[in-house]
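Notes for the one structure printed next.
Please treat every number below as a calculation from the coordinates, not as lab data. The structure presented is a predicted model; accordingly, all values stated were derived computationally and were not measured. Note: ideal-geometry Cβ built from the backbone for every residue, glycine included; neighbour counts use all protein chains shown.
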Amino acid sequence: MIIAVLSRDAALYSTRRLLDVGSKRGHIMKIIDHMRCYIDITADSPRLIYQGQPLTDIDAVIPRIGASYTFYGTAVVRQFEMMGVLSANGSEAISRSRDKLRCLQLLSKEGVGLPVTGFAHSTKDIEGVIERCLVVNNQAVASMKRQGAPGEFRSIIHRGGTVKRTRLSLQERDTAVRAAKAMGLKVAGVDLLRASQGPVVIEVNSSPGLEGIERATDIDVASKIIEYLERERSLNK
């Protein structure tokens, strides 16, 4: 297959891993900056133009669209879909996950646990543990635990947070998969928080980073994404 990674930065770990894995599996891998694509909307032949040339030979795309580029990025994905190109995540699913209110409404409708918003006087009273599960094609393929630094509720790594491999319970795995399904995402990062009433979903990410979870778990997530596209391509032939 000819697979295009829709990414604005070829140096990003996730982009490089997808390119490397795809190439090793015998695919022709390309990087396309979705913000530099020109959408040619015509009645008889919808096209995408990139660097002056029509994109007519792409078999599948893997969207890696930043939140600030959602509107135009999903328009590009939608155009690929109109051209019959397979996408790891559909344009509608990406849009759903980026609209936080809509995301919560859909999760609530599906009965997925959501957190109750609250306040605390001191961050030392909050454990700050978040698990992140990566879901590919309705399967939880890898998970890690993020722990906030002392006195820091946010578990962001560059703020001193740490990550390590963790084993999810069956309920946690089910919650992550149901959250991805509710968004219509085939590739998703689902942030879970352990609560007394069971796991609750903090966020569903349509372009999850691969570096932290691959290094924490030693699981080749990039290969699982490429394998999913391979299976879908063979089913649709």
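Across the chain, Cα pairs under 8 Å and at least six residues apart give a relative contact order of 18 percent. Each residue, residue 41 and residue 24, gets one label point 7 Å from its Cα in the Cβ direction; the gap between the two is 4.2 nm. Rounded to the nearest 5, the antiparallel percentage of DSSP beta bridges internal to the chain is 75%. When the Gaussian network model of the chain links Cα atoms closer than 10 Å, the mean-square fluctuations of 223, 95, 68 top out at 68.
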